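To keep things clear, I will list the structure first and then write my remarks on it.
The values are calculated or read from the model by the stated rules, or taken from the named source; none is laboratory data. Everything numeric here is computed off the predicted structure, so don't read it as measured data. FYI the Cβ positions are ideal-geometry reconstructions off the backbone, even for glycines, and counts take in every protein chain you see. SASA here: full protein model, heavy atoms, side chains in, ligands and nucleic acids out. Shrake-Rupley method; radii C 1.70, N 1.55, O 1.52, S 1.80 Å.
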Amino acid sequence: MKGLVVKNTGSWYTVRMDDGQLIDCKIKGTFRLKGIRSTNPVAVGDRVTVADAFITDIEDRRNYIIRKSQNLSKQSHILAANVDQAFLVVTVNYPQTSTTFIDRFLASAEAYRVPVVLIFNKTDLLDTDELRYQQMMVQLYETIGYTCKQISATKGEGVEDLRSLLEGKITLLSGNSGVGKSTLINCLVPHVNLRTAEISDAHNLGQHTTTFSEMIPLGGGWVIDTPGIKGFGTFDMEPEELTSYFREIFHFSKDCRFSNCTHTHEPGCAVLKALEDHYIAPSRYQSYLSMMEDKDEGKYRESY
């Protein structure tokens, strides 16, 4: 029997079988992904074969979003598989989402051809300077080619505009802890009643309220709710590949003097010239450099 993995608690999986029934399943200890060492061999969004409440096989994935496991440097953690798009929920404050975190997520999504929409939440809490900064960020990412939406999930402002983007699609919802993912889902799907928590005043940090990944039906499609993540260490990316995961850097790199240019020091580097001429944002270039250094073990453990 075949079905779709709709929930992963870390110890067991809920599979929605093709006939509509839900079955709680385990995986056998010997079950491992081909070629990928992962903390979760089966991910939400996977198509699987089930026999006697055990997952016995997994179909080939068309894509996935993956990051380094925070605890095991040689392993990965797959956030979701077989998605049509990702919504990255970010906040200028309460808590602040760093541009490095955003850029790392975007680059990883580019690597697996997953379109990303940036959702700027908690707009209602921002003062004049913070709103101005948010507008600058929106302009930056829209210029690169990413769709950006500014919302307030608690007040419902701008949320209805997201429905048309979600209809009929499988959408991964991701972001730092505390940015309002659960609040947004509660606004979109009121009967779900996901638990939410206040931001820690002492450190302006979010608290984990979602502890497992789950697919929630919405508008003929699915929204995948995932636990909040602090850092986003890239996994299985070679430095020479990175250029193509930063759209604007890739655009200018075609004019570099050397085909193997790393865009760090080489003469005739069109990327460095574009950076100097303000066609590439310094924050994006710094994110590129930080990912170039990811081969340095332990680097990903820092808070991005």
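Report the net charge of residues surrounding VAL92, where surrounding means a beta-carbon distance below 14 angstrom and charges are Lys +1, Arg +1, Asp -1, Glu -1. Mind dumping the intermediate values first?
Values: positive: LYS122, ARG132, LYS149; negative: ASP124, ASP127, ASP129, GLU130.
Computed value for this residue: -1.
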> For the range 109-168, which whole-number percentage of the solvent-accessible area (1.4 Å probe, protein heavy atoms only) is attributable to carbon and sulfur atoms?
Replying inline: 47
